[in-house]
1. Is it the case, given these coordinates, that residue 771 is under 16 Å from residue 715 (Cα atoms) and open to solvent by less than 90 Å² (accessible area, probe 1.4 Å)?
2. Kindly indicate whether any position in the range 706-729 is charged (D, E, K, R), open to solvent by less than 100 Å² (accessible area, probe 1.4 Å), more than 30 Å from residue 79 (Cα to Cα) and touching a strand residue (DSSP E or B) at 6+ places or on another chain (Cβ under 9 Å).
3. Looking only at residues that are open to solvent by less than 20 Å² (accessible area, probe 1.4 Å) and touching a residue at least 24 places away in the same chain (Cβ under 8 Å) in the range 175-185, which one is nearest to the chain's Cα centre (by Cα)?
4. When the range 17-69 is examined, which residues are found to be at pLDDT below 95, open to solvent by 10 Å² or more (accessible area, probe 1.4 Å) and among the charged types (D, E, K, R)?
5. Looking at (1) part of a helix (DSSP H, G or I); (2) out of contact with any strand residue (DSSP E or B) (no Cβ under 6 Å at 6 or more places or on another chain), which is the one condition that is false for residue 20?
6. What's the total number of residues in the range 364-409 that are buried (at least 21 other Cβ atoms within 10 Å of the Cβ) and in contact with a His (Cβ under 8 Å, 6 or more places away or on another chain)?
7. Any chance you could count how many residues in the range 523-540 are surrounded by fewer than 18 Cβ atoms within 10 Å (Cβ to Cβ) and of a type in the set (Phe, Trp, Tyr)?
8. Would you please list the contacts, defined by Cβ atoms under 6 Å and residues six or more apart or on different chains, that run from a residue in the range 640-657 that is closer than 29 Å to residue 177 by Cα and of a type in the set (Val, Ile, Thr) to a residue that is open to solvent by less than 30 Å² (accessible area, probe 1.4 Å) and part of a helix (DSSP H, G or I)?
Amino acid sequence: MFPYPSGAGLHVGHLEGYTATDIVARYKRMKGFNVLHPMGWDAFGLPAEQHAIQTGTHPRVTTQQNISNFKRQITSMGFSYDWSREVNTTDPHYYRWTQWIFIQLYKKGLAYPSHAPVWFCPNLGTVLANEEVLQTEDGPRSERGNHPVERRPLRQWMLRITAYADRLLQDLELLDWPESLKEMQRNWIGRSEGAEVEFGVLNSALGIKVFTTRPDTLFGATYMVLSPEHHLVPKITAAEQKTVVADYQKRCASKSDLERTDLAKEKSGVFTGAYAVNPVNGKSIPIWIADYVLASYGTGAIMAVPAHDERDFAFAQQFHLPIIHVVDAPGRDPEKCLSAEGTAINSDFLSGLATSGAKQKMIDWLEAQGCGRRQIHFKLRDWLFSRQRYWGEPFPIVWKDDQHETIDENSLPLLLPELDDFKPSAEGQAPLSKAKEWLSLPDGSTRETNTMPQWAGSCWYYLRYCDPTNASAPISSEVERYWMGKTGVDLYIGGAEHAVLHLLYSRFWHKVMFDLGLVTTPEPFHKLVNQGMILGEDNQKMSKSVGNVVNPDEIIAEYGADSVRLFEMFMGPLEQMKPWSSKGVEGVYRFLGRVWRLVMDETQAGDWILSAKLSNDLPSESILRRMHESIQKVTDDLDKLSFNTAIAQMMILVNDLTKEEKRSRTVIEALVLILAPFAPHIAEELWEKLGHTKNLAHEPWPKTEERYLVQDVIEYPVQVNGKLRGKFTAQIDATEANLMELAKSLESVKPWIEGKTIAKAIVIPKKMVNLVVK
């Protein structure tokens, strides 16, 4: 996953995923594959803009400086990126195609403007995504700057990601992703089956639609709740309730969705003074507004069945509203809420039916009466796709007389205008509204002043890597078929923080492009791995505020890039969280020193010459066997991304070689080749010292010979009464009787069995011998 180039630069935690993909890229090249291993920059976004507001420096300048620093750090690690494919989301040659893709979304009816209640930060002057809002004791605050935020209805561009909800859910089965990550996406999409029901408003022609997964409980609906932001609230609120309703709406505007839906919090709400009519029995029920109902979920309204929903039950108890039980189950407590399924009671034509049958019968009845219908509902909401910022892709949209249309595709890219003042207004007007010449067009139309969110450029960058200089399309069909193949990106590594949003958005855009015939794979990323977070030495997340950030520049200066690369992978499994250890880097540095001294000797003058122990003779049988074991182990581990165990195996081989009086070039060269993806600098240097003139990166991966992988002898530990007392080796085909005799004849075992009775002798073939004596 490509980085956002912040001013802070990279710390050692950022390098883990980059090191992993570089090792795989180098290994695959040596295995004969064509490898596309690119790098780019997710460079639009709020941090550069806030820096511009504070300092007056144009975001473009700051971004380029940050990119230069990141590139310097990355290059120092020796990552084998193809820099001819470098992309930058702020480059007009790139965002021309981001704008072009938006136009295709617009043409398909997947992009539309909406007045949606959104998080707005007056201090930053922009809308914030949910993930950019922190929940604090002082209410919701902006992640950047810790400013207060509030709910505010503003015109936004939305993307109809909900149109792809079913496919986004179903196609998870095609992917080689961690199951936990798939489950997070399933929960975010949130598919549920039920019914949409319309309640009439008493003494009005208005109707309120609700979605419910439990239509069988309609006879138990004793009140309704609308979200405070529901569009019908001002229309239905009685005159005597308007002030209290307005006050409550204002209080809710400063609460987060998480805070509002917290099951543990005390319920709050206000009666609107209006009543709805329950369609199944004609009874009038009061309409309330309450913060636990969200405008962004479902229809923004619920039918409240307090006897069978925990939140409704708590609300009804607090405000003394009726509770009618309409479901029975064994052991039901009439004083408590029963959310489980059971048998319908007090439900007229449903009474006596099991929940599943009652659901279907009620939906059939609603459809026959014209007051409801069967419906599949998704928790997923349409994607709020605009920001009141300067530093983002301009929308290729113009407005005239409240009508909108796209600009001509041939005029793309629509460039950002030059501005000196990047600050939005406190009312939410975007900075682009200040660019008067850019804003107003000769025909009387005006440009859209919102810009796209940072997510836009990261939705499709992997495709542009394949064809970065194409001036006539985002990617040519021939190039796409070659690089994306039948499955898409073969390996995608990034942090778990992108488990839902970035991945969901990319999958959505990819599916739209699939429908347009631009790509041939239904999914963008076939195999996905989340690297674990690297913590500071204090076991806390690396952070400037905590003061535990480890700068790779300093570690590279002291120990070299290869030591950093090797230690990043040796700390533990790639997916695991682990703390940084400077002493650990030193240990890996010493290991690389041992590898160096297998090949080179230091003279008294301090020069390095080829070791006198190097030999062109055939290696011993045991070393030859260890070499082939190591090649096979490292190969298998690289295929599984088990980098730490691959390194451990190389350490075993180095230990064995260090003990040899003569070191066979055959084995030394095999070691250098399998070490090369992990520590390319020292490997290339040693390869040259060994007399090779060809770049090591173009050498084939060493092969194993099966005969050296077949074990002729096996080492057996011997336990007496559960304690290890000795070891022996035996031929692989030795009988149990032979193994028992060998075990008993060991000098280290004899003192523990002489003069005693062997009550039980257990031989576990190819594993161990266990003697139980009395």
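The values are calculated or read from the model by the stated rules, or taken from the named source; none is laboratory data. Here the structure is a predicted model, which is why all the values come from computation and not from measurement. Quick reminder, even Gly has a Cβ in these numbers, built from the backbone with ideal geometry, and neighbours come from all protein chains shown. For accessibility, only protein heavy atoms count, side chains too; no ligands or nucleic acids. Shrake-Rupley method; radii C 1.70, N 1.55, O 1.52, S 1.80 Å.
1. So residue 771 fails the test.
2. Going through the range 706-729, the residues charged (D, E, K, R) turn out to be 706-707, 712, 715, 723, 725, 727.
In the following step, the residues that additionally are open to solvent by less than 100 Å² (accessible area, probe 1.4 Å) were identified as 712, 725.
Adding the requirement that they be more than 30 Å from residue 79 (Cα to Cα) leaves 712, 725.
Right, trim to touching a strand residue (DSSP E or B) at 6+ places or on another chain (Cβ under 9 Å) and you get 712, 725.
Taking every residue of the range 706-729 in turn, at least one turns out to be charged (D, E, K, R), open to solvent by less than 100 Å² (accessible area, probe 1.4 Å), more than 30 Å from residue 79 (Cα to Cα) and touching a strand residue (DSSP E or B) at 6+ places or on another chain (Cβ under 9 Å).
3. By that ranking, first place goes to 181.
4. Those that are at pLDDT below 95, open to solvent by 10 Å² or more (accessible area, probe 1.4 Å) and among the charged types (D, E, K, R): none in the range 17-69.
5. (2)
6. The total comes to 1.
7. Selection size over the range 523-540: 0.
8. 645/637
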